[in-house]
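What follows is a set of notes on a single structure, which appears directly below.
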Amino acid sequence: MLLYALTIFLSAFLLFQVQPMIAKIILPWFGGSAAVWSAAMLFFQLVLLAGYSYAWFVIRFLKPKAQVLTHIGLLVLGAATLPILPSPSWKPSAGDDPTLRIILLLSATIGLPYLLLSATSPLLQAWYVRSRKGAMPYRFFALSNLGSMLALITYPIFVEPTLATSVQAYTWSGAFVVFAITCAAVAWFRSSWQTAETAVEVREDTFIERPTKGRLMLWMSFAACASAMLVSVTNHLSQNVAPIPLLWVVPLSLYLLTFILCFDSDKFYNRAFFLPQLAIVIGVMAYVVYASGGNVNVFALIPVLSICLFLACMFCHGELSARKPHPRHLTIFYLMISLGGAVGGLFVAFFAPRFFPSYWELPISIVMCGVLGVIASWGVVAPRIAPAVIRTLAIAVVLGVGGYCGYQEYQQIKGYKLTVRNFYGMLKVKDDVEETAGVVRVLVHGTINHGEEVMQPAKLTIPTSYYTATSGVGRAMIVLQRKGRTRVGVVGLGAGVMASWSREGDFFRYYEINPIVEGIARNQFFFLPRSQADIKVLMGDARLVLERQEPQRYDLLVVDAFSSDSIPVHLLTREAFELYFKHLAPNGILAVHISNKYLTLEPVVQKNADEMKKVAYVIEDEPENTEYMSNTTWMLVANSDQVFGETPLDRKILTSYKTPAGFRAWTDDYSNIVKILKR
């Protein structure tokens, strides 16, 4: 039993340790988008389904000796695919939807090891049942989820801050070899543990009634709802802060904790207690998603959504545990759970970005959770309350929450000229009517303004939003344009507002990863169409495109590539800054837009400047006309202090920043969002 437990625990630990590890390694290759984690989660759920299917097939159709030989052979093949470092050849060359590429990359890198780890818990539990008369294996399932949760908790706390990603990959690969040896030992000795008495029990078990199709569908539905809630909540948090392992790990750990509690003991889940809680949970979640225009403060958003996710998953997994079958049918039970997880992941990561114009997957998941609550209410018996009353109240709550979500979605889409969505997020264009400026056209990504234009003919191409004449980047352009024609690179296209600074003879190159943005900038706004400069938009992740280019000798390189209000971390690392200065002229300026609701980005930029022996200044701007101008914070970085000696870059508007003692530079192997959260 100890060897079974050790192997199951180790497999679960490795299974979930590799998830944030491999996702962080490939995150910069695909623009640092929050959707990278959703695509990776889809792969994990699909392979988990494949692993559970393999376990079910082996137990159902192969004889004991064939089971052992098959599994040991696959363990050897899995070890032969190590180490789990993805090949750079998988880096994309364009900005198309990379979901399929991510799945193929992960399949080639960790596919077989991950499948074998996924199959371990159901396979070994089935072997245990068939080797021990009257054995109940479901506590092994709780142990498996405990190992998974510990892996997730230790990654952002111990592994990520201390080990380079390459070291993490080699260490994990070594641990997989240890797992393969223990699992092979269990398989090899399994036949000797099986007794004649157990064989009799196995024959008798064949008379146990098989689960009905309705029961199978219900198992899958509860698992699918919890999975969809997990991925959509994680996506929501990542879009509004940053796509980082910490915000991946917290929801997933809570999700696994509910598995542990519900399958370790029947005492942790009581339907009569959790159903009323569920009514409150779905109402609170629906409110938080839409409150303040979707801009709830992150210090309230994270704990509230986390608590609600935990309670919702306690309901889904508690109902699964209450409906678990005889151990004889545990492989089909686990198979339906994994199928539900894959369905939930497909709904959020694949279906929603392609067919929904807005982020409907989270409200739909909330309502679906309520519908399952109505189904579960048929099993509630309460003193002095008629069953019909309980069901009526449950239905009323679901209808109320569904109506509220539908109304809010209508309000969000109403009045927009254009609403589109893809892998990289949701973009909306609307016309606001201001008191003095008249019609102002705005591009919104998620909940954040990504550029605006005054639609009066005389003001069509004046600098607006984050690029006004008093902003850091505007002041830099004034200085550079006094010297003659300028060469400008811009990371992040948006509405193309930076082109308002272009003149005939200037050279502008935009780097944009989202393929639908250029069409919006050219067809809905006038900055690009009316420019007389040499302007081109280069599609793909900025770092990957810059790495392929010869030095561009830009006079100004602008980094302004926020996704909603999150930051692509890989654009702020030391390696990224080294690449930027490779493309800057000796007297060029790097302008980094660091305005952010939740994060203090000054120490990140300043630390890079200090380590590279550059000079950096902060420019904060609060323009008088707020109808089409935005408060901004920019940091300007250059090789020499002399670059900042001319008006209007005088000392009155330049602020020096001192990096806090002990602050560690961000690199491609290390970043720490928690350190820069605004308190």
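The values are calculated or read from the model by the stated rules, or taken from the named source; none is laboratory data. Bear in mind that the values here come from a model prediction, so they are computed numbers and not experimental data. Glycine also receives a Cβ, built like all others from the backbone with ideal geometry; neighbour counts cover every protein chain displayed. We work out accessible area using only protein heavy atoms, side chains counted, and drop any ligands, DNA or RNA first. Shrake-Rupley method; radii C 1.70, N 1.55, O 1.52, S 1.80 Å.
Under the condition of being open to solvent by 10 Å² or more (accessible area, probe 1.4 Å) and either of a type in the set (Lys, Arg) or in contact with a helix residue (DSSP H, G or I) (Cβ under 6 Å, 6 or more places away or on another chain) (or both), the residues counted in the stretch 494-511 number 3. Going through (1) under 23 Å from the mean Cα position of the chain (by Cα); (2) modelled with pLDDT of 90 or more one by one, Ile302 falls short only on (2). Going through (1) of a type outside the set (Val, Ile, Thr); (2) under 26 Å from Ile535 (Cβ atoms); (3) open to solvent by less than 50 Å² (accessible area, probe 1.4 Å); (4) more than 33 Å from the chain's Cα centre (by Cα) one by one, Gly438 falls short only on (2).
Residues that are surrounded by fewer than 24 Cβ atoms within 10 Å (Cβ to Cβ) and closer than 8 Å to Ala228 by Cα within the stretch 344-360 comprise just one, Phe347. Scanning the stretch 245-273 for residues that are surrounded by 20 or more Cβ atoms within 10 Å (Cβ to Cβ), assigned to a helix (DSSP H, G or I) and aromatic (Phe, Trp, Tyr) yields a total of 4. Scanning the stretch 10-29 for residues that are among the aromatic types (Phe, Trp, Tyr) and closer than 22 Å to Val250 by Cβ yields Phe13, Phe16. In the condition set (1) among the β-branched types (Val, Ile, Thr); (2) within 25 Å of the chain's Cα centre (by Cα); (3) under 27 Å from Leu256 (Cα atoms), Ile413 is compliant with all but (3). Residues in the stretch 547-555: is at least one under 28 Å from Gly425 (Cα atoms) and either charged (D, E, K, R) or open to solvent by less than 30 Å² (accessible area, probe 1.4 Å) (or both)? The answer is yes; a qualifying residue exists.
For the stretch 378-409, a residue qualifies if it is surrounded by fewer than 15 Cβ atoms within 10 Å (Cβ to Cβ) and either at pLDDT below 80 or closer than 30 Å to Leu100 by Cβ (or both), and the qualifying residues are Trp378, Gly379, Val381, Ala382, Pro383, Arg384, Ile385, Ala386, Pro387, Ala388, Val389. If you take the residues of the stretch 458-468 that are open to solvent by 40 Å² or more (accessible area, probe 1.4 Å) and farther than 15 Å from Asp431 by Cβ, which of them is modelled with the highest pLDDT? Here the residue is Ile462.
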